[in-house]
1. Evaluate the following for residue 206: is it more than 15 Å from the chain's Cα centre (by Cα) and part of a helix (DSSP H, G or I)?
2. Please go through (1) at pLDDT 95 or above; (2) closer than 28 Å to residue 270 by Cβ; (3) surrounded by 15 or more Cβ atoms within 10 Å (Cβ to Cβ) for residue 167 and return the number of the only condition it doesn't satisfy.
3. Could you check region 212-236 and list, in sequence order, the residues that are in a helix (DSSP H, G or I) and closer than 12 Å to residue 127 by Cβ?
4. State yes or no: is residue 160 more than 14 Å from residue 18 (Cβ to Cβ), out of contact with any helix residue (DSSP H, G or I) (no Cβ under 9 Å at 6 or more places or on another chain), assigned to a helix (DSSP H, G or I) and in contact (Cβ under 8 Å) with a residue 60 or more places away in the chain?
5. Pick out the one residue from 23, 27 that is farther than 22 Å from residue 269 by Cα, touching a residue at least 40 places away in the same chain (Cβ under 8 Å) and in a helix (DSSP H, G or I).
6. I'd like the residue in region 170-188 that is without any contact (Cβ under 8 Å) to a residue 24 or more places away in the chain and more than 28 Å from residue 99 (Cα to Cα) and, out of all such residues, is surrounded by the most Cβ atoms within 10 Å (Cβ to Cβ).
7. Within region 38-47, does at least one residue satisfy the condition of being under 27 Å from residue 198 (Cβ atoms), part of a helix (DSSP H, G or I) and free of Cβ contacts under 8 Å to residues at least 60 places away in the same chain?
8. Taking region 48-74 as the region of interest, how many residues are buried (at least 21 other Cβ atoms within 10 Å of the Cβ) and part of a helix (DSSP H, G or I)?
């Protein structure tokens with residue numbers, strides 16, 4: 001049985017990481033507009049000044065209804081993620097909406113190897129920590145979404161690497177990520193089959209982590225009306241993505257991209273077919289699909 005929220009009148013607590021700008025901020029703006037005056041939306045980021053200013057600006061928007069508070073959170077500090085989850089559990093009895101959105105900006109001319117640690121820490125280690133820390137404190141009817149991309153399907157990896165993530169538990173996903181990190185540092189990543197662009201294995205690993213946690217919680221969560229999933233917002237015109245593409249004719253603004261993510265977040269009841277999947281515009285993508293790695297690398301570097 002797929003249950004909706006048990007108490008639809010209780011104030012909800014929502015949290016978005018990487019929310020100072022771009023898609024993260026648009027998600028906070030959308031939550032603030034769609035939730036009620038009793039609800040709380042936490043806008044998080046690692047720079048206190050930017051977090052404070054962004055939260056103040058969102059709260060002043062004429063369409064904002066929910067309370068919007070800024071909260072400093074450096075997602076590379078996995079212990080801080082755990083402390084925040086514990087704090088929200090202690091103060092509010094749990095959380096209702098968590099959107100893990102933080103990403104490290106990487107420019108085309110930068111060395112992928114030199115930026116690997118920061119990129120992996122922000123996109124992958126943080127994702128693991130969010131899943132481990134916030135999964136247990138989700139209240140009935142809760143939502144935990146990890147923003148990934150369509151590159152997160154298994155077919156984007158070489159066949160010899162796919163077993164590392166297919167059907168893996170979270171510890172195994174984490175081990176695979178650290179093996180990939182070590183290969184990047186040792187200069188052996190390409191010979192082992194890892195794609196040249198960090199974003200490909202990173203996104204696959206994010207989706208694999210979501211699938212791992214969802215596999216363990218499936219029956220409990222569907223009975224409690226909880227959704228855990230990865231989400232692909234499509235091409236978004238942001239400072240992070242713009243340097244990688246020459247044609248932005250089909251790109252969405254952050255507000256436009258946030259709309260489908262928010263529709264999924266607030267939909268009642270949970271669609272069981274979407275649980276644990278990578279979702280793009282309301283539809284689950286094939287986990288085993290994807291472009292062959294060599295062709296994908298060519299496309300990304302052309």
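The values are calculated or read from the model by the stated rules, or taken from the named source; none is laboratory data. Just so we're clear, the structure is a prediction, and the values are computed from it rather than from any experiment. Positions of Cβ are generated from backbone atoms using ideal geometry, with glycine treated the same way; all protein chains shown enter the neighbour counts.
1. Numbers: more than 15 Å from the chain's Cα centre (by Cα): no; part of a helix (DSSP H, G or I): yes.
Judged against the criteria, residue 206 is not a match.
2. (3)
3. Answer for region 212-236, where residues must be in a helix (DSSP H, G or I) and closer than 12 Å to residue 127 by Cβ: 212, 213.
4. On the way: more than 14 Å from residue 18 (Cβ to Cβ): yes; out of contact with any helix residue (DSSP H, G or I) (no Cβ under 9 Å at 6 or more places or on another chain): yes; assigned to a helix (DSSP H, G or I): yes; in contact (Cβ under 8 Å) with a residue 60 or more places away in the chain: no.
No: the conditions fail for residue 160.
5. On the way: 27 fails: farther than 22 Å from residue 269 by Cα.
Matching residue, one of 23, 27: 23.
6. Applying the filter and picking the extreme gives 183.
7. no
8. Total meeting the criteria: 4.
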